[in-house]
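Notes for the one structure printed next.
The values are calculated or read from the model by the stated rules, or taken from the named source; none is laboratory data. Remember, it's a predicted structure, so these values are computed and weren't measured experimentally. Every residue, glycine among them, receives a Cβ derived from its backbone with ideal geometry; neighbour counts consider all protein chains shown.
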Amino acid sequence: MHGFELAPETVRVLWGPLYFALGLLVALVALASFAHLGHGNISRGLVPASVGLAFVFSAITQLGSDSFLLFVAYEAVMMTFALGIYIACLWCPVERRGAGLLALGVLLTLVAAAVDTQPLT
């Protein structure tokens with residue numbers, strides 16, 4: 001695990017909360033992008049659903065496949081959603097400050113995820 005030699009059971013135990021944290025982070029970024037459109041009240045109401053989604057994602061990784069590729073697929077779906085919203089914000093009639101930089105940041109996370117899935121040579 002990133003340079004540390006750990007017992008497989010220790011790695012499995014450590015990845016449980018990490019997958020939950022990563023799943024929650026990605027869900028909340030997607031939710032924040034929706035709020036950026038001006039739907040703050042709806043977004044606040046969806047926070048419990050985002051936490052629930054993170055729990056479901058974490059459970060799937062623990063009960064099914066704990067492959068990091070599963071996280072990358074989940075991240076790709078959610079970040080593509082956020083990227084689409086931030087790009088749409090560039091053409092909103094009301095100025096959505098920072099939408100271009102946010103779109104660039106999300107695009108960079110998608111590129112980083114793609115690079116991270118490539119085998120080392």
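One residue stands out among those in region 56-90 that are hydrophobic (A, V, I, L, M, F, W, C) and over 20 Å from A32 (Cα atoms): the one that is surrounded by the fewest Cβ atoms within 10 Å (Cβ to Cβ), which is L63. Regarding region 6-13, can at least one residue be identified that is of a type in the set (S, T, Y) and more than 15 Å from the chain's Cα centre (by Cα)? Yes; the residues of region 6-13 include at least one that is of a type in the set (S, T, Y) and more than 15 Å from the chain's Cα centre (by Cα). L63 meets the stated requirement of being aliphatic (A, V, I, L, M), out of contact with any Gly (no Cβ under 8 Å at 6 or more places or on another chain) and modelled with pLDDT under 85. For region 91-121, a tally of residues being farther than 13 Å from S33 by Cα, modelled with pLDDT under 85 and not hydrophobic (A, V, I, L, M, F, W, C) returns 7. Return a yes/no flag: does region 100-109 have any residue that is within 25 Å of G16 (Cα to Cα), surrounded by 15 or more Cβ atoms within 10 Å (Cβ to Cβ) and either in contact (Cβ under 8 Å) with a residue 60 or more places away in the chain or of a type in the set (S, T, N, Q) (or both). Yes, region 100-109 contains at least one residue that is within 25 Å of G16 (Cα to Cα), surrounded by 15 or more Cβ atoms within 10 Å (Cβ to Cβ) and either in contact (Cβ under 8 Å) with a residue 60 or more places away in the chain or of a type in the set (S, T, N, Q) (or both). Taking the criterion of being among the small types (G, A, S) and within 13 Å of the chain's Cα centre (by Cα), the residues of region 54-94 that qualify are A54, S58, A73, A76, A82.
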